[in-house]
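Below is one structure; the comments refer to it alone.
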Amino acid sequence: MHAQQQSRTTLYLDVKDSNNTNATSASCATGCTNSLNNTNWGFPLTLSGTVYSDEGVTALTSKTVRVAINGTDDTSTTSHASTGAYSLSVPASSGDVLTLYIEDETQDGVTVTITAGSAMSNMDIYQDHLIVRHDNSGSLTNTNLNTAAVSAETDISNIYAVASSNLTVASGKELFIPTSHTFAPGGDVTTPTFDLRGTYTHSTETVTISTAYQQSAGTFSSSSGTVDINGNFTLTGGTHNATSGTFTVSGDWSNTGTFTNNSGTVTFDGTSDQTITTAGQAFNALTFNNTGSSGSDDLIISGTLDVDGTLTITDGDLDVSTNDPNVNLAADATIGASGTIDNASYSGTWTFDGTGTDTLTDNTTSGTNFRAVTVDGTSSKILQFSSGANTPTITFTTLTIAADDTVSLNGENTTITTLVNNNALTLIGSETVAITTMDADSGTVTYVGTGTYTQLAAGDAYYHLTLNGSGGSWTQDAALDVNGNLTIIAGTLATGNNAITLAGNWTNDGIFTAGTGIVTLDGAGSQTINDSNAFYSLSISATSARTISFESAATQTIAANGTLTLTGQSGNLLTLAPLTAVTAWNLVVPSSATQALSYVSVSYSDASGGVGIDCQSNCTNGGNTTNWQFTTPSVTFSADAQTAAEAVGSITITATLSASSLLATSLPYTLSGLATEGSDYTITTSPITIAAGTTTGTITITLTDDTSVESDETIIVTMGTPTNAAQGVTTVHTATITSEDVAVIVTESNTGSSGSSGGGGGEDPLNKEETSNPTVVISGKIAKSGSHIKASVGETVRIRTKPVDPSRLQSVMIKVMGKTTNLKFETGSENNITYGTTLFFERKGTYPYTIYANYGSIVRYVKGVFVVTEEKIAETQEIETSISSPVRTSGRLLPQRLVLEEQEMIVPAEGETIDNVLEQEFPQSLQDELNVPNAHTEQKSQGISRAFFAVSFWLRSGVSDTLSYLSLKASTLLSHSPALPDHLKNHRYETVAIRVASVNDKPLVGVSVTLFSEPKTATTDDRGVAIFHDVHAGQHTLKVAVNDFTSRQKLFLDKDADEVVVSVQAQLRDGVSIYWVLIYVVAALIGGAVGMRILILRRSVI
């Protein structure tokens, strides 16, 4: 029921500029015209629209539509039976609040507007909707809605109610703001559903939406009020300007329109899974606090999650695996103790952008794996880590730090698979850090702790490394490799005796403890060493030209026993220069340190605080250097020889530098010669040292003055390779020790009765033994058998014998020792015998001479008598050789003519025979090949005090012509042999074989052997044998070329000799000779030479 308002009626008027001052409006409903600017007049107003059961699709037909003006019912009409359209004419003025609603039907729907005083169309009514309009270019408010509500009209209160300026839309109903209309409630709004297509102006009030918010157009313009959506937020069009206050959503978020985040916080606080579709549009602050049960608390992100403020995961599981979105964070990010991030299959990237210092906090117990994270602020940004009380490990598969940004681990345990550091990573040093792949070509890692740390937590490979912790101390636990700069701003770096390799600059404003670690500068270009530093060892090298700059006036010190290595290459010098021009840098190297410098250019360097710097190897003095040695002096012996008697006591050898050196010179040497160290002399231990700043050093030889009878002996001092100097001209010094001692040793040898003179056939006297008592008289002193008498120079040694039977052969052996040339032996004729020889004198008889020799002695036949010499022949000894007497050979007397320049035979060692030795030297197979006859040995024991051997030769008979002798004097061989007689010229030899071997009997292969006169040349095979064929008899010159020396030997090949043993002498340096002989090795290795032994075997062709 509606009460009818009583009013006055005015008809058919045209009203303009009229102000009705009556309490009630002047109604001019019939035939009146409103010409405007009228106040309190009621002109007829036409309202038209359609009634729908939904939002403009399905018409509600035959429904009563009532209009109320300013909360008072007015006329009504019925919607069209088929279209649902209606039309009303009402007496409403501009500014009136009009309420159109479905009256007394089972359906409810309300539309509220403010009229502009003219006809209004499209005044549609939607079932279960409160449509809020404003048709007078303003905003509808809650106050207007309160006016619009007809008192006690349940058709309206079933849709909404206003109380205390707060709007409440009834349950199951919807607040609808159509396009081009504005709602500014001015109070709280509570509605199940909010459908915005026009404009909603939100101030400080609270908007509570229990079911859904949807916006397809228009603008949600917010201030600081609260928006609480206990359902879904759907933005498909228009612009939603978020509140700066609290904005909570418990359902899904779907944004395909425009979302402006303002400065508030959006909180997702659902109790089941929520899907957040962002369209890549940023939130300001974002909180996830989904309290659903595990598995139903996912916050599924679709599209880039961009948060300009803080991100807080208080509870719930942030799911970035499902849709793989990128996450952009501009401020702090916190994962609460109940929060998790599902990124098991995530391949996107978390990017911390923005500016300033932000904190990534992980309050979980097990720690969070953020996968790929990039820190890239719009300007310089610092991201620091925090973990609260749980101290979990924060994990990254890839952590990328942009060019002007910093990541601070801040004491948090961190695992990084790959670090891409384009600026700075800082840490305290106490963290547990595992970085699988460290960025070694960019970025700085800085330690800022103030405690003591036993390792560099981030590993041992860096690009730039900085220590900047006041009071902090870091000790390496492994070798450190820095591909950029190493900077100690504050704190201590200790090597822990590990190495440091540095490719960039070195700066030390803190403390560096070198231990025994070596610092190596291995950069490809220029490097700088700043500040003063104490290194244990420092190594700098250059494969291409580069410069190392040292801070001017600073001091670089090498530790005792350390090493300084500075090396360039030919054409690529390593340049050492001051950082500030013309101001020197200092270098201190102790004497116990090792230096290795080459191809270095040095300028403005003062090394006077230590020993001189050895830069002699291809170095360049760039000027203004102190205590640097750039030139290499030479060192030489002051003389090459000297002679002193052993009674002198000592002799001195002086080594002299060509110029004074800043460096101590170490001069090693080796010893050789005939004298024996220890028994004949003692000498200064090698090496000797020439002190820095001096030019000479000495070797002192202390001589032993003994009573032994011995020949002159030599001490040969050979200079080795000096340190800090080069070898000069004289590098070998020969010191000769002389002795005046002379002795005679008498040994008797008795033979049996004499037989017939001449040829063989008589009784062999060697088979009989008889004792006689020969004596030797030296200046009245009688020497009996086996005695040793010392004789003076010039004394005569007279031999007297007292044979038992004058017809029996008797021999006396006398050996003369000592340096003398004029001891005389009276043997019926006068003979001058040189020292070192043994004379065998046989009293009478025509039987062959018998040779007695000690083991290992050399047997010679000199001027009709056999002589046994020592193993060496004095350099000045002269021996004349010829044989004209018959020689006993294996029980036969054969006419013998053996012509040799010099004949030598080594007596076998005790227990050996010539056959044994020959078989060792030349296997039977070789003997058979060359048709060599066997040799024989007969051992005799005649009651002599020592065992001797009788040596026989197998020789063929020869001619009796007298030939001249060969003289061997000093180290030169002179031949006076005549031309080959005519009767020998036609004799030629089928085979001549020459074997060449070293003194240890190793065959020398590939040696060139030449027989001159034809000439013929052959090369030794793998047996060391050179074979010649068709060689004529007579005089030859034998030339053997071994390595870098050549030996020549005169050789006469008699046509009847089957075997010739030849001694070859090779002249080596400094006049030292060496002899080689076949059958048994006694030739010593002197002066480092290699000896050879030569055998000539041939078969004569007659």
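Points worth noting:
- Selected residue (only one of 255, 232, 261 is under 60 Å from the mean Cα position of the chain (by Cα), at pLDDT 95 or above and not assigned by TED's automatic domain parsing to the domain that holds residue 125): 255
- Exclusive hit being in the same structural domain as residue 185 (by TED's automatic domain parsing), modelled with pLDDT of 95 or more and outside any loop (DSSP other than H, G, I, E, B), set 88, 47, 98: 98
- Within the range 469-528, the set of residues being part of a strand (DSSP E or B) and among the polar types (S, T, N, Q) comprises 470, 473, 475, 487, 492, 501, 507, 508, 513, 520, 527, 528.
- When restricted to residues that are of a type in the set (A, V, I, L, M, F, W, C), out of contact with any Gly (no Cβ under 7 Å at 6 or more places or on another chain) and in a strand (DSSP E or B), the range 416-456 contains 7.
- Scanning the range 179-196 for residues that are out of contact with any strand residue (DSSP E or B) (no Cβ under 6 Å at 6 or more places or on another chain) and within 22 Å of residue 259 (Cα to Cα) yields 179, 180, 181.
- Any hit, the range 177-186, residues being touching a residue at least 40 places away in the same chain (Cβ under 8 Å), at positive phi and touching a helix residue (DSSP H, G or I) at 6+ places or on another chain (Cβ under 8 Å): yes
- Which listed residue, of 649, 673, 678, 612, is within 28 Å of residue 699 (Cα to Cα) and free of Cβ contacts under 8 Å to residues at least 12 places away in the same chain: 678
- Test: residue in the range 571-588 that is of a type in the set (Val, Ile, Thr) and on the phi > 0 side of the Ramachandran plot: yes
- Test for residue 280: is it in a loop (DSSP other than H, G, I, E, B) and under 16 Å from residue 325 (Cβ atoms): yes
- Hey, residue 339 out of contact with any Lys or Arg (no Cβ under 7 Å at 6 or more places or on another chain), on the phi < 0 side of the Ramachandran plot and part of a strand (DSSP E or B) or not: yes
Yes/no per residue for (1) in the same structural domain as residue 586 (by TED's automatic domain parsing); (2) touching a strand residue (DSSP E or B) at 6+ places or on another chain (Cβ under 9 Å); (3) closer than 27 Å to residue 605 by Cβ:
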position: 468; (1), (2), (3): no, yes, no
position: 498; (1), (2), (3): no, yes, no
position: 505; (1), (2), (3): no, yes, yes
position: 509; (1), (2), (3): no, yes, yes
position: 535; (1), (2), (3): yes, yes, yes
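The values are calculated or read from the model by the stated rules, or taken from the named source; none is laboratory data. Just so it is clear, the model here is predicted, and its values are computed rather than measured. A quick note on method: Cβ atoms are made from the backbone with ideal geometry, for glycine too, and the neighbour counts reach across all protein chains shown.
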